[in-house]
2 protein chains.
Amino acid sequence: MAMARNHSYLINGGSEQAISVFDRGFAYGDGVFRTMQMRSGLPVNWPFHYQKLVADCAAIGIVCPSAELLMSDFQKLFEIDNFADETSYIPEVAKIIITRGEGERGYAPPAVTVPTRVIIKSAMPIYAELNYQQGVQLRVCETRLALQPKLAGIKHLNRLENVLARMEWREDSIFEGLLLDQAGNVIECTMSNVFARFGNRLITPDLSQCGVAGITRQRILGLGKMLGLSVSIESLTLVQLLQADEVIICNSLYGAFQVNSIDNKVWPQQELALKIRNMLADD
Amino acid sequence: MAMARNHSYLINGGSEQAISVFDRGFAYGDGVFRTMQMRSGLPVNWPFHYQKLVADCAAIGIVCPSAELLMSDFQKLFEIDNFADETSYIPEVAKIIITRGEGERGYAPPAVTVPTRVIIKSAMPIYAELNYQQGVQLRVCETRLALQPKLAGIKHLNRLENVLARMEWREDSIFEGLLLDQAGNVIECTMSNVFARFGNRLITPDLSQCGVAGITRQRILGLGKMLGLSVSIESLTLVQLLQADEVIICNSLYGAFQVNSIDNKVWPQQELALKIRNMLADD
């Protein structure tokens, strides 16, 4: 374990130091991933993350490694401090990548495959205090998401659309890029899901054709009663989104932020993002 | 060079033995690839392959390594025998993978990236003699290709659609799977492009919305005069394809095969595939 502490990642529990050129994750993006907060060496909201990891693996025919195996990886890679009090821990980030494993040239997977599992440790990003207080600025990306029901919702390794979208801007002032589908529906942001409030209705876009269904989105969908809002999944055009009373983005690292502007549209500061952020943290 | 001969691959000219977990090719499929025949240690149709590699890299904002660098890699990895006569060589296959290089967590590429280049050597697949004499059998895949003009035509590393399509069948009797787009247009096969002859018109599907524009397709597009056919790029539905007089598939390894059946539709043996195969070989 002391040895592993010097590494910032762990491949198959430490048995490999790097990825094989024959790994299908490298060759074809044939795998899935997740990103999560670690507190005191333990993954935050692990049941949600693991359930989603298993489901995403299953959707492309990969048998996900057991939770016990991944937990043992976490223990090797992260310092578990059971006595840390709430104020002393420094949150970290774990990224789990599961691929179908190695294969020969060609798209057909071998008859027997052994999934590759990677855990990468990194520092928690530092979000500007202004993001919490005043919200974040979005731009609408020119890159549109393709409709692919067989892969929609899955956090798979085919992420060139996100890369191209993220390459559209360099300004630090822009926190996220809003992604529409080819038909002009609002879907998500490059690394976040989206919610829009219209009166007492809170809506998040339908992800049955494209997009990544994150676990923070899933958790917010369950907060309706506590928020006093009716929460639902619906189609949402950009024009509709810009008429929302309030727009929120969310992911597993920052929780939820209010959107204070999308291109030229500006929203005043409101309370929903803070409320949701607190509920997510208490949960 | 003797050392390199023991390897079946070469990463960055031999300076690495495996792929970093931080490589964006692994994390996001952020890269492109090509597969080509090698004869006597030299890539067949290299100008076509290199031009396409450069174009595909440029399409996603990667600066392709120079042809000189890749040639030097080929020399390290493959035995170059200038004196081999035409009958003695055993053809091999080279796969080139170019990724954006390493990066931190997050979709935004670092300000400076150094592309990762990989060459993998493998044996030439052995195609059944029957494929050459009587053609090949196709099935129509249930997996449909998503429309993404920003990535259409590019042989990038986001290939989960091809993987899912190829996982639809295991029968050895089926050589290839035909891929339609979400609208029902014929686009390509999992590892091949498609041509259909209607009288003296030879048509290959439009790839401006999805699919991979291979170099063998490109070469066949230039053979019209020699074939006495008018060759063009057009939209093609499955119903139209099944009414073709002759259907051909092609790629850089096998050249061209006649399609003798697609699901229940059967075609008699004809001459076009052999003609094209011979022209491609002589070229």
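Read-outs throughout are calculated quantities, based only on the coordinates presented, and are distinct from any laboratory measurement. What you see is a predicted model, and the numbers here were worked out from it, not measured in a lab. Neighbour counts run over all protein chains shown; Cβ positions are idealised from the backbone, glycine included.
General observations
- As computed over chain B, the Cα convex hull volume per residue (Å³): 141 Å³
- Long hydrophobic helices in chain B, taken as whole DSSP H segments with a C-alpha length of 20 Å or more on their own axis and mean Kyte-Doolittle hydropathy at least 1.0, are absent.
- Here the peptides A:10-23, A:127-140 are ranked by packing, the mean other Cβ count within 10 Å, and the order with the highest first is A:10-23, A:127-140.
- The distance separating the Cα centre of the stretch A:136-212 from that of the stretch B:161-198 comes to 29 Å.
- Of the cross-linked pairs A:LYS155/A:LYS225; A:LYS225/B:LYS150; A:LYS155/B:LYS265; A:LYS121/A:LYS265, those separated by over 31 Å at the C-alpha level are A:LYS225/B:LYS150; A:LYS155/B:LYS265; A:LYS121/A:LYS265.
- Farthest positive-ward along chain B dipole, Cα basis, beta-carbon charges - from B:ALA18, B:ALA111, B:ILE249: B:ALA111
- Calculated from backbone phi, Karplus (6.51, -1.76, 1.60) coupling profile of the stretch B:124-129 in Hz, x at Gly/Pro: 5, x, 9, 8, 4, 4
- Backbone geometry of the stretch B:11-25 corresponds, through the Karplus equation with coefficients 6.51, -1.76 and 1.60 at θ = phi - 60°, to 3J(HN,Hα) couplings of 10, 6, x, x, 7, 10, 9, 7, 8, 5, 5, 8, 5, 6, x Hz, x marking Gly and Pro.
- Where only C-alpha atoms are counted, convex hull volume of the stretch B:2-123 per residue in Å³: 103 Å³
- Residue-wise HN-Hα couplings along the stretch A:163-175, as the Karplus relation 6.51 cos²θ - 1.76 cosθ + 1.60 with θ = phi - 60° gives them from phi, are 4, 4, 5, 5, 6, 6, 9, 10, 5, 5, 5, 8, 7 Hz; Gly and Pro carry x.
- Value at 222 nm in deg cm²/dmol, rounded to 500, when DSSP H runs of n ≥ 4 in the protein assembly as shown each add -39,500 (n - 2.57): -6500 deg cm²/dmol
- A:GLY224 label point (Cα plus 7 Å toward Cβ) to equivalent points in the other copies: 5.8 nm, shortest first.
- At 7 Å out from Cα toward Cβ: B:ALA58 inter-copy label distances (nm, ascending): 4.7
- Summarising the amide proton neighbourhood of B:PHE198: residues at separation of 5 or more, or on other chains, whose placed amide H is nearer than 5 Å comprise B:ILE203, B:ASP245.
- For chain B, relative contact order (Cα pairs under 8 Å, six or more residues apart, normalised by length) works out to 18 percent.
- One compactness figure for the protein assembly as shown is 1.04, namely its Cα radius of gyration divided by 2.2 N^0.38 Å.
- The mean number of Cβ atoms from other chains found within 10 Å of a Cβ in peptide B:162-175 is 3, as a whole number.
- With the charge dipole of the stretch B:190-283 set up from +1 on Lys and Arg Cβ and -1 on Asp and Glu Cβ about the Cα centre, the Cα lying farthest toward the positive end among the listed residues B:GLN240, B:THR190, B:ALA281 is that of B:ALA281.
- Amide H to amide H, with H built 1.01 Å from N, A:PHE22 comes under 5 Å of no residue 5 or more places away or on another chain.
- A label point on B:GLN270, set 7 Å along the Cα-to-Cβ line, lies at 6.3 nm from each of its counterparts in the other copies, closest listed first.
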